[in-house]
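To keep things clear, I will list the structure first and then write my remarks on it.
The values are calculated or read from the model by the stated rules, or taken from the named source; none is laboratory data. Please read all numbers here as calculations on a predicted model, not as lab measurements. In this analysis, Cβ positions are derived from the backbone assuming ideal geometry, glycine residues included, and neighbour counts consider all displayed protein chains.
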Amino acid sequence: MPMPERGAITLAIDVAGVRANAGTVDALARLQLAARRQGCQVRLTGTSRELRELVRFMGLRDVLPERR
């Protein structure tokens with residue numbers, strides 16, 4: 001799926017305190033998909049090490065990037 005155009009709205013989602021499990025990653029990936037369909041993008045903030053590793057393990061690091 002192509003990335004939104006430069007200047008698109010970016011939603012910073014604070015995931016501090018959320019459980020690091022497949023359901024969480026699935027919900028975040030679906031949120032990203034819906035955002036991109038509207039020309040927006042989601043960036044994660046407050047990501048725990050466990051959630052970051054799970055996102056990477058599931059092959060979704062490019063889909064669910066962290067906020068810079």
**Item:** First in the range 36-62 and within 18 Å of residue 11 (Cβ to Cβ), second anywhere and surrounded by fewer than 16 Cβ atoms within 10 Å (Cβ to Cβ) and among the hydroxyl-bearing types (Ser, Thr, Tyr), Cβ under 8 Å, 6 or more apart
**Value:** 40/10; 41/10; 42/10; 43/10; 51/24
**Prompt:** Considering only residues of the range 14-23 that are out of contact with any helix residue (DSSP H, G or I) (no Cβ under 7 Å at 6 or more places or on another chain) and of a type outside the set (Lys, Arg), which is farthest from residue 36 (Cα to Cα)?
**Reply:** 17
**Asked** Can you name the residue in the range 1-25 that is β-branched (Val, Ile, Thr) and at pLDDT 95 or above and is also nearest to residue 62 (Cα to Cα) among such residues?
**Response** 25
